[in-house]
Amino acid sequence: MRKLLLAGLAVAMTAMVGCDKKDNNPTSPGGTAPTIPVIQIQTSIPDTTTNPYAQSARSQVAATNAYFSFGSIFNSMQATNSGNTWTWTYTAGGLTETFTATKQGDGSYTWKLTMNGSDGSHTYSNYTLYEGASSADGKSGNWAIYSYGDTTYVKFQWSTDASGVLTGTMDDMNGSTVANRMVITSRPDKSGQIVWYQATSTMQEKWVWLTTGHGSFYTYPTPGDANPVGTW
């Protein structure tokens with residue numbers, strides 16, 4: 001899954017190229033645009049750590065957060081609306097990115113990011129990079145993030161409980177098959193954990209970190225929870 005996570009991240013970063021122009025008035029003539037959900041995993045692990053287990057946990061949190069930080073970029077731009085649909089458009093060089101949000105009858109939203117033109121490496125024709133749906137408050141939903149030119153892609157589902165605890169499930173997909181799964185728990189106090197599975201149920205590895213930033217790394221089936229492979 002790490003290989004696809006990084007490969008998908010490279011594709012996802014295409015959507016951020018050149019998107020540094022800020023618009024401090026993201027309100028269109030039709031009213032205020034909806035806020036694109038930005039899922040960010042909390043961690044208290046210091047970025048200065050030299051512990052390899054802590055560095056591994058931080059790198060996976062950073063990669064996951066980078067996947068979904070594109071929303072903050074579009075949130076800072078002005079959108080236009082037509083009926084229940086809002087549209088953000090950005091053009092850089094020969095590439096045009098179009099992000100749409102469509103409000104549903106229950107107040108939830110569906111989302112889609114499409115690309116047209118060329119980024120210098122690939123040529124896109126109405127290519128869907130991201131698509132998904134979210135609740136009206138953005139506390140639950142799903143994304144699908146596609147890889148250009150093949151059948152692999154990433155699915156991510158998240159929910160947030162009344163205490164602010166976010167649980168996310170990221171699946172490496174090959175067609176309709178889940179190759180690997182990562183389950184994330186992120187708490188407001190910046191404690192949390194990441195669990196890796198082969199397919200959907202065979203646990204492989206787990207990182208757990210506390211509010212203090214300390215944590216443990218486990219592998220399975222042995223030594224398991226009773227005896228971490230490493231701590232920090």
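The values are calculated or read from the model by the stated rules, or taken from the named source; none is laboratory data. Please read these numbers as outputs of a predicted model, since none were measured by experiment. Cβ: placed from backbone, ideal geometry, glycine included. Neighbour counts: every protein chain shown.
In the range 92-103 there is no residue that is modelled with pLDDT of 95 or more and loosely packed, with under 14 Cβ neighbours inside 10 Å. Listed conditions (1) in contact with a Phe, Trp or Tyr (Cβ under 6 Å, 6 or more places away or on another chain); (2) among the polar types (S, T, N, Q); (3) not in a strand (DSSP E or B) are all met by GLN204, apart from (3). Go through the residues of the range 173-181 one by one and say whether even a single one is over 23 Å from ARG58 (Cα atoms), part of a strand (DSSP E or B) and over 21 Å from the mean Cα position of the chain (by Cα). No; the residues of the range 173-181 include none that is over 23 Å from ARG58 (Cα atoms), part of a strand (DSSP E or B) and over 21 Å from the mean Cα position of the chain (by Cα).
Residues in the range 218-232 that are surrounded by 12 or more Cβ atoms within 10 Å (Cβ to Cβ) and either free of Cβ contacts under 8 Å to residues at least 60 places away in the same chain or part of a loop (DSSP other than H, G, I, E, B) (or both): TYR218, THR219, TYR220, GLY224, PRO228, VAL229, TRP232. Restricting TYR197, TYR148 to residues that are of a type outside the set (Lys, Arg), in a strand (DSSP E or B) and touching a strand residue (DSSP E or B) at 6+ places or on another chain (Cβ under 8 Å) narrows the list to TYR197.
Listed here are the residues, each with its yes/no results for (1) more than 28 Å from ALA133 (Cβ to Cβ); (2) among the acidic types (Asp, Glu); (3) at pLDDT 85 or above.
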| residue | (1), (2), (3) |
| --- | --- |
| THR14 | no, no, no |
| CYS19 | no, no, no |
| ASP23 | no, yes, no |
| GLY30 | no, no, no |
| THR43 | no, no, yes |
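Among the numbered conditions (1) in contact with a His (Cβ under 7 Å, 6 or more places away or on another chain); (2) at positive phi, the only one that ALA199 does not meet is (1). Considering the range 112-145, the residues that are in contact with a strand residue (DSSP E or B) (Cβ under 6 Å, 6 or more places away or on another chain) and among the acidic types (Asp, Glu) include one that is surrounded by the most Cβ atoms within 10 Å (Cβ to Cβ), namely ASP119. As a summary of the residue check, ALA62 satisfies the conditions (1) assigned to a helix (DSSP H, G or I); (2) buried (at least 17 other Cβ atoms within 10 Å of the Cβ) except for the one numbered (2). For the range 95-129, the set of residues classified as more than 23 Å from GLY83 (Cα to Cα), touching a residue at least 60 places away in the same chain (Cβ under 8 Å) and in a strand (DSSP E or B) consists of LEU95, LEU129, listed by residue number. Would you mind stating whether THR185 is in a loop (DSSP other than H, G, I, E, B) and either aliphatic (A, V, I, L, M) or more than 29 Å from THR89 (Cα to Cα) (or both)? Answer is no for this residue. Considered as a group, the residues in the range 155-169 that are of a type outside the set (A, V, I, L, M, F, W, C) and not in a loop (DSSP other than H, G, I, E, B) include one that is surrounded by the most Cβ atoms within 10 Å (Cβ to Cβ), and that residue is GLY168.
For THR152, work out the one condition from (1) surrounded by fewer than 16 Cβ atoms within 10 Å (Cβ to Cβ); (2) touching a residue at least 40 places away in the same chain (Cβ under 8 Å) it doesn't fulfil. Single failed check for THR152: (1). Contact map, the range 131-144: residues that are in contact (Cβ under 8 Å) with a residue 60 or more places away in the chain paired with residues that are buried (at least 18 other Cβ atoms within 10 Å of the Cβ) and not in a strand (DSSP E or B), Cβ distance under 7 Å, separation 6+ or inter-chain. Pairs shown: SER134/PRO37; GLY138/PRO37; GLY141/PRO37.
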